[in-house]
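Here the structure comes first, spelled out in structure tokens, and everything after it is commentary.
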Amino acid sequence: MLKAIKIIALFIIKYLGGFWLARKLNKGNTCVLCYHGFAYDDEYLFRPKLFMRPESFKKRLAWLQDSPYKIVSLSEAVNNQHNGNLVVLTMDDGWAGTKELVGDTLAEHNFPLMLYVTSYYVQKQGAVINVALAYILWKSAGKTLVIDEPILSITKEYVISAENTVSIVTELCQLIDGVASFSVRQRVLLDIAKQLQVNLHSNGQLMFRSLNTEELTALQQSNVDIQLHTHRHCSPQNEQEFKLEVSQNIDYLQQLELINTLQHFCYPSGEYYLPQLPWLKECGVVTATTVSSGMLTSDTDRLQIPRFLDGADVHQIEFEAELCGLSSAIRKLASFK
Ligand SMILES: [Zn+2]
């Protein structure tokens, strides 16, 4: 209901010239958009911010193509002065759907896009366990899961409901993480999916997989700039551990035939701490993006660049209100209360 009221209000503001005025006031500023993965099936209902429908993404890029906004790379937005309204496209994690589901769309538009890649699952090639497990349980409300797995040293029954999914996922992930072998961890995951009759494959491809090295390097042909997102998608507060995550990420990605220098970073899950900023500089990082609200302006700290998280649950009018800067201005005003 609230969402419907918001959408109607935004349409009225747009047709009264509010978006036009916001664009005028935001000349020279940039809206940095953040995307993640894409849905092979119904994942956009499971986590709308993590898995967008490929057709929705296609519509967004088609709209941007004919819009008053100029699509530029993050480096271009940061390093040069502009008079127009700018948009930067970024994408996090490196989900396989980036090539399999929207690779043609990216090639068609050839917009500059920064893809922040977590390298562990690129290297290992399996389903990302915590996300895949959460999806399996999301699809299994009302079912009973029996864990009788010698390798996990546990025998337990879980009656799955919408309320206890998060706690079951946390408990099972802790147990699975304790298994040394990657292939055994994958086998345990697929056994759980089989028991609960949830299909983790689409057209013969494993869902929740990361891009492989061939797909990653091929994406560069479509103006995709591969950049940093830690090796294991985590944001340690300990200096040594944090730098190790960044350096392992750099070391792995450097083996690929990358066109661009690795010097841009995205904080995993938007989680970051101020002491990490100088550590990033020491690792050679020149920009870092968050998921905080706001526009990129000439005053923005280059290691705390705000972004708007687009997703399957974002209406086109909400998307446009973000691009022109109206929504972030309203949020800023509201936070002063
Ligand atoms: Zn991420």
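General remarks:
- With N the number of residues in the stretch 78-193, Rg(Cα) / (2.2 N^0.38 Å) evaluates to 1.46.
- Too-long pairs where the Cα-Cα distance tops 20 Å, listed order kept, from Lys27/Lys49; Lys124/Lys281; Lys6/Lys332: Lys27/Lys49; Lys124/Lys281
- The chain, dipole about Cα centre (Lys/Arg Cβ +1, Asp/Glu Cβ -1), debye to the nearest 20: 1040
- Whole-number D in µm²/s for the stretch 166-249 (Stokes-Einstein; Kirkwood sum over Cα pairs; 37 °C, 0.692 mPa s): 206
- All other residues whose Cβ lies under 15 angstrom from that of Gln240 are scored, Lys and Arg at +1 and Asp and Glu at -1, for a net of -2.
- Along each principal axis, Cα extent of the stretch 215-314, largest first, Å: 37, 33, 28
- A cut-off under 15 angstrom between Cβ atoms defines the neighbours of Ile151, and their net charge, with Lys, Arg +1 and Asp, Glu -1, is -1.
- Normalised by the number of residues in the stretch 129-202, the average gap of Cα pairs under 8 Å and 6 or more apart makes the relative contact order 35 percent.
- Distant-in-sequence amide H partners of Lys70 (H built 1.01 Å from N, under 5 Å): Asn85, Leu86, Val87
- Shape of the stretch 1-160, Cα gyration tensor, a/c cut at 1.5: prolate
- What the Cα convex hull of the chain gives, in volume per residue, is 154 Å³.
- Most tightly packed first, judged by the mean number of other beta-carbon atoms within 10 Å of their residues, the peptides 234-246, 265-277 read 265-277, 234-246.
- Kirkwood analysis of the stretch 1-54, using all unique Cα-Cα pairs, places the hydrodynamic radius at 13.8 Å.
- Taking Gly325, Gly94, Gly84 in turn, the Gaussian network model of the chain (Cα-Cα springs below 10 Å) assigns the largest fluctuation to Gly84.
- Relative contact order computed over the chain (Cα-Cα under 8 Å; 6+ residues apart), in percent: 23
- Links that overshoot a 28 Å alpha carbon limit, given the list Lys14/Lys139; Lys156/Lys243; Lys70/Lys99; Lys3/Lys24: Lys14/Lys139; Lys156/Lys243
- Antiparallel DSSP beta bridges within the chain, as percent of all bridges there, nearest 5: 30
- Our compactness index for the stretch 129-202, the C-alpha radius of gyration over the empirical 2.2 N^0.38 Å, is 1.00.
- Paramagnetic reach from Ala9 in the stretch 305-337 [backbone N under 12 Å; point 7 Å along Cα→Cβ]: 327, 330-331, 334
Since every read-out is calculated from the coordinates, none of them should be taken as a lab result. The structure displayed is predicted, hence computed values, not measured ones. Don't worry about glycine lacking a Cβ; one is built from the backbone with ideal geometry, like all the others, and counts go over all protein chains shown.
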